[in-house]
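Here is the structure we will look at, set down as structure tokens.
Coordinate-derived values only; no laboratory data. Predicted model, so just to flag it, every value in this text is computed and none were measured. Heads up, the Cβs are rebuilt from the backbone with ideal geometry, glycines too, and the neighbour counts pull from every protein chain shown.
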Amino acid sequence: MGAYSGTWGPHRAMGTPQGLEGSRGDTGTHSGPWGLQKGFGDFMGATGDREAPIGAWGPLQRHWRPCKVTATAQRRKGPHRGTPKPFCHPQPKEKTSECPRPWGQGEAVTVLGGVALTLCHVPHPPECPPIGLESHRIEDDQMLASSMLRHGLGAQRGRLNMQAGANEDDFFDGAWCAEDDSRAHWLEVDTRRTTKFTGVITQGRDSQIQGVVGVALGTRCHPRVSPPQMFYGNVDKDTPVLTEFPEPVVARYIRIYPQTWNGSLCLRLEVLGCPLSTISSYYSQQNEVTSADNLDFRHHSYKDMRQLMKVVNEECPTITRIYNIGKSSRGLKIYAMEISDNPGEHETGEPEFRYTAGLHGNEVLGRELLLLLMQFLCKEYQDGNPRVRSLVTETRIHLVPSLNPDGYELAREAGSELGNWALGHWTEEGYDLFENFPDLASPLWAAEERKLVPHRFPSHHIPVPQHYLEEDATVAVETRAIMAWMEKNPFVLGANLQGGEKLVSYPFDAARPPSETPAAPRPPDDYEDDNPEVHETPDHAIFRWLAISYASAHLTMTETFRGGCHTQDMTDSMGIVQGAKWHPRAGSMNDFSYLHTNCLELSVYLGCDKFPHESELQQEWENNKESLLTFMEQVHRGIKGLVTDQQGEPIANATIVVGGINHNVKTASGGDYWRILNPGEYRVSARAEGYNPSVKTCSVFYDIGATQCNFVLSRSNWKRIREIMAMNGNRPIRRIVPGRPMTPRERLRLRQRLRRTQPRSPAPQPGRAPQGRALAAPAPVPSTRFCYTNKPSCIGSSAASLLPAAAGPAPGQLRGSVR
């Protein structure tokens, strides 16, 4: 068997065979369609402990020539940055004819790897985008295979970056796998139009060290078959490998014939191609979406993003402001843009809204959508669009396109389609920002189990645990900056834009542990989940309304007939799901925002492809434009108002309580508040320390526009009561309802207490007053007041009377009574 030289990556790969120009291997039996003995042979994993030749060439009496254009190297960090050199099949001696059909005439099948390839030659081809396997623009029924190991490993699973289920026994898996180890198996894609193919991206099987190592490349022109070519596959299961064809291929179908593999025959791929404008593809092009907005549809680096925001600010200086909320671990500023008619300050009565993106650096569609939204709002405001003008003048909007700029720069270096599923997902320090917030749901549920809520443990504005605030806590610097920003501004509504799926997720994201003392079960409603670990928020119905407002306005999010991106549809054909039901996790940004601040936050997953090609940005903008505007308008749904005292001064930090919803909000520094509610009639109360509560009935209607519900609070005597309690050792007090008579035991306790606390004095003689005093008739005392005979001051309340806990009435000692 011939010897090998050369290396590829951390292990030996297919180098230059000895005797390339005329020699052959020493021994071996011919096998394989292109004269390979073992194809690419025994593949060692990326962490293989021993070196072994990838394969050996069979005893062929043929000459080999290097390909003019070879497969590009894997774009990843590692010891190898060169380009591997695959080898082409020897050309036949006879002259081959050109393809008999020009572009646009007929449909010839291209065979890739196999691969079905060159139909008609195009010199110096332009770069073609992906045809849409990862983004699911290619439907499941456009992917065919010669066989499959099982349905969960069928042809529709052979998409680039397809993810397996979270559990080992999940039905769906992360690749297409053939039923046996035969080189005759193939995977085919039907583009349904004449397409110029320029390359292919291959990837191994997710969750398994399995993948195609080598693929044969051949072409077929009707009626003649041209010689095949060979190109490399993968050296691991995650890193995508791009192969650019020596010459473009024009066809409708493209077919892959894997030749060598590690473990089982499994494959994920994406195909690069440009659709051609022909009569046969005319009707397919009618469904394509293009944007009429004159915006900058391209990917922006950190420097480009900053420059674009500066341009928007210069174009609309009266309604925009650029600021930063902090820095990343590498020192990059996290920029934000404020859009308002009075940027730079909070206006009383104006709600604050936020869109954030880039929590995971490799999920870039949200980043580009927010940059497009900045441009759109600026241009439409200047053009007098009434909808945009109303939104800008009545709302303070904050847009943060990149919360994880370090991760984005890492993903951008690999490029679209060539960064694997996780490259750039985490911060420079290795944190997942979305799950790096304090877990406030677990202590809340523990307090509920002990019946401590709401008297001893709050159900809202739960404080951050002290250990989380320590300097050595496992908290990203980006997370600390986001938390400080959320606490500084009175946000009412927000959404974080992510990728990898197409749905809207709402709290709770955390799964509640089983209760030790479960309540009596009740049949769940149609929209509820019967999983006891899925715990709904008190605002569950409101969250569903908000999620549906985004999903229903999206052009494709509710089209779930094709299922989810990676598993079955979890949204019940509505495009929305509770986070704990879909992907449970503790310490999410959404749960923290809900339990620590006034803001209702959701996660919008924009699409299956985390890093879509630049050519898809126009269509994605049109898919999401109406949703982005509609969701912002929901901040004006519910009730709003001011809480002031009797002198008209605003009361900050007052609590707004809505009857039937065990989650309250607090007023901002100007005494203003906003509470998002579904249409209906609500009993609402406002409470503040040192003031008597006020209660109103407020109605919410279906039309956009919050109902004004103001409160004026009068001062109470609770401050004086606390002073008296402090004088008596802060003993607990007991509230006595007016009109309820004291029990004999209560009277006895009060009599004993008064005897111990009051000095004894000689009783006056009948008919005579003490020296220097005259008897006076007892003055009438209201039934809701009481006082002691030896004290001139009284304590009273218009609602109830407060007595010491161990008190009881004593005859002759009370001037007033409680009936």
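Whose amide H sits under 5 Å from the amide H of LEU265, counting only residues 5 or more places off or on another chain, with H placed in the peptide plane?
Result for LEU265 returns ALA178.
Going down the table (LYS310/LYS610; LYS581/LYS640; LYS327/LYS488; LYS666/LYS719; LYS488/LYS640; LYS310/LYS488), which pairs top 28 Å between alpha carbons?
Details: LYS310/LYS610 26 Å; LYS581/LYS640 32 Å; LYS327/LYS488 16 Å; LYS666/LYS719 21 Å; LYS488/LYS640 20 Å; LYS310/LYS488 24 Å.
From LYS310/LYS610; LYS581/LYS640; LYS327/LYS488; LYS666/LYS719; LYS488/LYS640; LYS310/LYS488, over 28 Å: LYS581/LYS640.
Rounded to two decimal places and with Rh computed the Kirkwood way over Cα pairs, what is Rg over Rh for region 637-716? Walk me through the numbers before you get to the answer.
Values: Rg = 11.9 Å, Rh = 12.5 Å.
Rg/Rh for region 637-716 comes to 0.96.
What fraction, in whole percent, of alpha-carbon pairs in region 335-457 exceed 24 Å separation? Walk me through the intermediate numbers first.
Details: 3775 of 7503 pairs.
Counting every Cα pair in region 335-457, those more than 24 Å apart make up 50 percent.
Counting other Cβ atoms within 10 Å of each Cβ, which GluC sites (Glu not before Pro) in region 407-514 have at most 15 and sit in a DSSP loop?
Numbers: sites: GLU409, GLU413, GLU417, GLU428, GLU429, GLU435, GLU448, GLU449, GLU470, GLU471, GLU478, GLU487, GLU501; in loops: GLU417, GLU428, GLU429, GLU470, GLU471.
Counting only loop positions with at most 15 other Cβ atoms within 10 Å, the GluC sites (Glu not before Pro) in region 407-514 are GLU429, GLU470, GLU471.
Rounded, prolate or oblate, given the Cα gyration tensor of region 302-632, with a/c below 1.5 counting as rounded?
Working: a/c = 1.45, a/b = 1.35, b/c = 1.07.
Rounded, because the longest to shortest axis ratio a/c is under 1.5.
Can you list residues whose amide H is under 5 Å from SER694's amide H, if they're 5+ apart or on another chain and H is modeled 1.01 Å from N?
ALA686
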